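*Asks:* Submitted below is the structure of interest, expressed as structure tokens.
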Amino acid sequence: MAQAEQATTPKGLWLLIVTAPIIVAVQMQINYVLVPLACTAQRRTALYVVTIVALLLTVLTAWIAYSFWRRVGTEWPAERDDLADRVRFISVLGLLSSGMSFLVILAQGIATIQFDPCQL
């Protein structure tokens, strides 16, 4: 199977849906580990960097989903059972998943700015 064909198989496309929530989970876990260190050092720079990187990775995931959607065609999925409709449907789900994940990371970033890491 060629490289371009592998990217449009359901296994490869489903990664578009789960990648952004995985980024959220990893960002939460890294910040959980970094909060005591940020409290001790009285610096939040590492927390900001993790949040910004997570936001950028989520935007990248959305861009990949958007590019798949544009490549196959931008019309709304119909009730046909062909590969193009499946790719469109999964790409739209990937965009929605990335958007929701972006909002979650953004909310956590606002909390990082608003609250002191030493606050209990």
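*Asks:* Relative to the Cα centre, what is the charge dipole magnitude of the chain, using +1 at the beta carbon of each Lys and Arg, -1 at the beta carbon of each Asp and Glu, and rounding to the nearest 20 debye? Please list the in-between numbers first.
*Replies:* Working: 8 positive and 7 negative charges, 65 e Å.
The dipole magnitude comes to about 320 debye.
*Asks:* Only counting other Cβ atoms within 10 Å, I'd like 89, 68, 115 sorted with the fewest neighbours first. Please report the intermediate quantities before stating the final value.
*Replies:* Working: 89 15, 68 21, 115 11.
So the residues, fewest neighbours to most, are 115, 89, 68.
*Asks:* Residue 71 to residue 103: FRET efficiency via 1/(1 + (r/R0)^6), r the Cβ-Cβ distance, R0 25 Å, to the nearest 0.05?
*Replies:* So the FRET efficiency works out to roughly 0.45.
*Asks:* What ranking of 98, 67 emerges when the number of other C-beta atoms within 10 Å of each C-beta is taken as an exposure proxy, fewest first?
*Replies:* Ascending Cβ contact count within 10 Å gives the list 67, 98.
*Asks:* May I ask you to derive the relative contact order of the chain, considering only C-alpha pairs under 8 Å and at least 6 residues apart, and to give it as an integer percent?
*Replies:* Rounded, it is 38 percent for the chain.
*Asks:* Return one quarter of the surface area of the convex hull spanned by the alpha-carbon atoms of the chain, equal to its mean projected area, in nm².
*Replies:* The number I arrive at for the chain is 8.7 nm².
*Asks:* Counting only helical runs of four or more DSSP H residues, what would the 222 nm mean residue ellipticity of the chain come to if each run contributes -39,500 (n - 2.57) and the total is spread over all its residues? Before the final figure, lay out the partial values.
*Replies:* Working: 4 runs with 97 residues, N = 120.
Estimated from H runs of four or more residues: -28500 deg cm²/dmol.
Every number here is computed from the coordinates shown, using simple stated rules; none is lab data. What you are looking at is a predicted structure, and each value in this text was computed from that prediction instead of being measured. Neighbour counts run over all protein chains shown; Cβ positions are idealised from the backbone, glycine included.
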